[in-house]
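Note sheet for the following structure.
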Amino acid sequence: MIKIKELSKRYGKKNVVEKVSLTIEPGTITSFIGPNGAGKSTLLSMVSRLLEADTGEVLLDQQTIKKWKSDEFAKRVSILKQSNFMNVRLTVRELVSFGRYPYSRGRLTEIDEKYVDKAIDYMNLGEMQDQFIDELSGGQKQRAFIAMVIAQDTDYILLDEPLNNLDMKHSVQIMKILRKLVDELGKTVVIVLHDINFASVYSDRIVALKDGKLVKDGPTKDIINSTSLREIYDMHIPVQEQNGCRICVYFNSHA
Amino acid sequence: MRKNSTKLILLLVLSLISILLYAFYDIKGGFDYAFPRRVIKIAAMIVTGVAISYATVVFQTITQNRILTPSVMGMDSMYGVVQTLIYFFAGSMSVWVVNKYLNFAAAIIAMVLFALILYRFLFRSDKHPIYLLLLIGMIIGTLLGSLVTFLQVIIDPVEYLSLQSMLFASFTKVKAELLYIAIVILIISFVYGFRIMSKLDVMSLGRENAMNLGINYDRMVMNILILSSVLIATSTALVGPITFFGLIVANLSYQYLVTYKHSILILGASLISIIALVGGQFLVEHVLELRTTLSVIINFIGGIYFIYLLLKESRAAK
Ligand SMILES: Nc1ncnc2c1ncn2[C@@H]1O[C@H](COP(=O)(O)OP(=O)(O)OP(=O)(O)O)[C@@H](O)[C@H]1O
Ligand SMILES: [Mg+2]
């Protein structure tokens, strides 16, 4: 279980994340939503130790994450950032193999290779596994990075806007894979999403941030309704029910 | 992978040929006199080449770029500054000069500090555009150079002569007593290096990806900065500054051996260095008959190559 307690971060005079507390239950998909600049990425970075919090703490299995050893932590929690820039030329397969580093330390065993194969398969990258990353399209590249995180095989997977650059088919595919990882393998996924319909259809729980503060936290059905959404986005968002899914039709709303 | 091992073997053969040529070509008359001298020079060139290659490749990995090198950022000018300051304040008879080890240690410590400050302010915070960093590097280099000149003008003329001989080390005037320290330092660096090769590979994915994969990134950066400062200090003390050398050999290695593996990249760059230095010195001594020096040639070719890389980078940025 990951427990976030009164976590805060400020840059200059601005409280970017302000006293956020929440618990991430194992075996669920939690979506972080909220306007640009709300602090979603910053919160995720602090939970994954990429960024140090100013105050407050994060507990992983009752132990503060500061006390975890880097290599052990990397076997439990993985994160994929919003943008990834690299200075080296790597093939898709080489990149995905890096996901095994916490276990293999650079020397892949047969078991590691199996995980890599599986992750490549999951992300439909089989045909381009020997292509160089910098020769792929934005979406293909994004999928290669997601495959790396899947190969890392951690209990907790944190993804910052992984659907960036992806077409509808691949977005749906990735959300389904995440669902499968949670339902079949018992993983826990925390994901930042801008398309609230993906959040509505695929997540168990939604956490909404606004101006650095946690404004909503609850089961998906409690958040996806016009009243809550207005509070988060200051916008009228009609919600329609379709085949048991709640769909937000915001394309021509006005504030 | 297979192709890379063939390429490395080719480089190895070429370096051996250069070494043999330099050691035995045209060695008339006083073999007993000339041969040991040539061996010392060869050893110095190998140590220098390997130290610069190693330092440059790891520096470029942690700074996430392929154009800036420790030398371009002014790290080897720092060596001159330290020596000049020592001569200025302590004098050539002081223990800081007479004791070679102490002198060397002082230079290394100053260079490590310089590297840490440089990193802290230039590379750690938000990503600055490469041109800005380059400009700052040039300014720092010029500033340090002027400081050295200024102090040298007001220093005692006798001291000045002795300082000059210290700063103008070159391949033809290797200081043998420093060679042993240099070899020891290089061996220690490699023992440490073997343990971190795969970590370096992960670090080339960038700070956040590396941290995600369990690398203690900031501590590694610190260690590597120290490592590369020590190596640059070693090579500068041995043969003097050769600004653009690291840039050439590191980039040739990246281009020739397309891989992310540091073990291969560093080995490749080291072999290329040996070919360039030993082969180059052979040409300078036997073909050009010492009408110019190797450092001049290297900086000339290196400067052109540097401009080429900059242009390529700016085209890629568009
Ligand atoms: N390194 C930094 N220095 C100063 N301010 C920062 C820094 N990083 C983030 N901020 C500020 O913190 C706020 C939150 O940023 P964050 O990236 O967490 O937002 P976000 O919710 O992920 O937004 P988006 O949906 O656009 O990705 C923003 O106002 C941003 O300007
Ligand atoms: Mg963000």
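Where both residues lie in the stretch A:138-255, what percent of DSSP beta bridges are antiparallel, nearest 5?
65 percent
At a 1.4 Å probe, which residues in the stretch A:43-60 are at least 50 Å² less accessible with all protein chains present than in their chain isolated?
Residues of the stretch A:43-60 that lose at least 50 Å² of accessible area once the other chains are added: A:50.
What aspartates and glutamates does residue B:261 reach when the alpha-carbon gap must be under 16 Å and sequence neighbours fewer than 8 apart in one chain are set aside?
Leaving aside aspartates and glutamates fewer than 8 places away in the same chain, those within reach of residue B:261 are A:94, B:201.
Scattering from the C-alpha atoms of the stretch A:157-213 alone, worked out with Debye: what is log10 I(q)/I(0) at q = 0.14, 0.15, 0.20, 0.24 1/Å?
Cα-only, vacuum Debye calculation for the stretch A:157-213: -0.38, -0.43, -0.76, -1.06.
Roughly how many percent of the accessible protein surface of chain A is carbon and sulfur, given a 1.4 Å probe and a whole-percent answer?
Of the solvent-accessible surface of chain A, carbon and sulfur hold 48 percent.
Compute, for residue A:101, the solvent-accessible surface of its heavy atoms (probe 1.4 Å) with the complete set of protein chains present, and express it in square angstrom to the nearest 10.
Accessible area, nearest 10 Å²: 10 Å².
Can you give me the orientation-averaged projected area of the convex hull built on the Cα atoms of the protein assembly as shown, in nm²?
31.0 nm²
How large is the Kirkwood hydrodynamic radius of the stretch A:57-140, counting all unique pairs of alpha carbons, in Å?
About 14.7 Å for the stretch A:57-140.
Lys/Arg Cβ at +1, Asp/Glu Cβ at -1, dipole of the stretch A:71-151 taken about the Cα centre: which of A:148, A:109, A:129 is farthest positive-ward?
A:148
Mind listing the Cα extents of chain A along all three principal axes, in Å, largest one first?
If we take the Cα atoms of chain A, the spans are 52, 42, 35 Å.
Could you report the accessible area of residue A:118 in Å², rounded to 10, computed with a 1.4 Å probe on the protein chains as they sit in the structure?
Residue A:118 exposes around 110 Å² with every protein chain in place.
Just the number please: accessible area per residue for the protein assembly as shown, 1.4 Å probe, all protein chains included, in Å².
46 Å²
Going by a ≥ b ≥ c, the root eigenvalues of the Cα gyration tensor, does the stretch B:2-317 fall in the rounded group (a/c under 1.5), the prolate group (a/b larger than b/c) or the oblate group?
In terms of gyration-tensor shape, oblate.
Tell me, what does the Kirkwood hydrodynamic radius of the stretch B:99-198 come to in angstroms if you use every pair of distinct C-alpha atoms?
By the Kirkwood definition, the hydrodynamic radius is 16.9 Å.
Classify the stretch B:31-147: rounded, prolate or oblate, from the alpha-carbon gyration tensor (a ≥ b ≥ c, eigenvalue square roots; a/c under 1.5 rounded; otherwise prolate if a/b is larger than b/c)?
oblate
Run the accessible area of chain B with a 1.4 Å probe and give the carbon-and-sulfur part as a rounded percent.
72 percent
Using the C-alpha atoms of the stretch B:1-83, what convex hull volume per residue, in cubic angstrom, is computed?
In the stretch B:1-83, the Cα hull volume divided by residue count equals 134 Å³.
With n ≥ 4 as the cut-off for DSSP H runs, can you work out [θ] at 222 nm for chain B, using -39500 (n - 2.57) per run divided by the number of residues, rounded to the nearest 500?
-25000 deg cm²/dmol
When 1/r is averaged over all different Cα pairs and the result inverted, which Kirkwood radius in Å belongs to the stretch A:133-255?
It works out to 15.7 Å.
Go ahead and estimate [θ] at 222 nm for chain A from helices alone: -39,500 (n - 2.57) per DSSP H run with n ≥ 4, summed, over the residue count, rounded to 500.
Value at 222 nm, helices only: -10000 deg cm²/dmol.
What dipole magnitude, in Debye to the nearest 20, does the protein assembly as shown give about its Cα centre under +1 on Lys/Arg Cβ and -1 on Asp/Glu Cβ?
Here the protein assembly as shown has a charge dipole of around 180 debye.
Taking 41 Å as R0, compute the FRET efficiency from the Cβ-Cβ separation of residue B:159 and residue B:12 and round it to 0.05.
Using R0 = 41 Å, I get an efficiency of 0.35.
Between 0 and 90 degrees, rounded to the nearest ten: what's the tilt of helix A:168-185 against the longest Cα principal axis of chain A?
So the inclination is approximately 80 degrees.
Note the direction-averaged projected area, equal to a quarter of the hull surface, for the Cα convex hull of the stretch B:43-93, in nm².
Approximately 4.8 nm², given one-decimal rounding.
Quote the total accessible area buried by chains A and B together, excluding ligands, DNA and RNA, probe 1.4 Å, nearest 100 Å².
Its buried surface, counting both partners, is about 2000 Å².
With every protein chain left in place, what is the accessible area of residue A:227 in Å² (1.4 Å probe, nearest 10)?
Using a 1.4 Å probe on the heavy atoms, I get roughly 110 Å².
Given the options B:161, B:34, B:151, identify the residue whose Cα lies farthest towards the positive end of the charge dipole of chain B (+1 on Cβ of Lys, Arg; -1 on Cβ of Asp, Glu).
About the Cα centre, the residue reaching furthest to the positive side is B:34.
Of all the C-alpha pairs in the stretch A:190-255, what % are more than 17 Å from each other?
36 percent
The values are calculated or read from the model by the stated rules, or taken from the named source; none is laboratory data. Here the structure is a predicted model, which means the values were calculated and not measured. Note that each Cβ is placed from the backbone with ideal geometry, even for glycine, and that neighbours are counted across all protein chains shown. All accessible areas refer to the heavy atoms of the entire protein, side chains included, with ligands and DNA or RNA removed. Shrake-Rupley method; radii C 1.70, N 1.55, O 1.52, S 1.80 Å.
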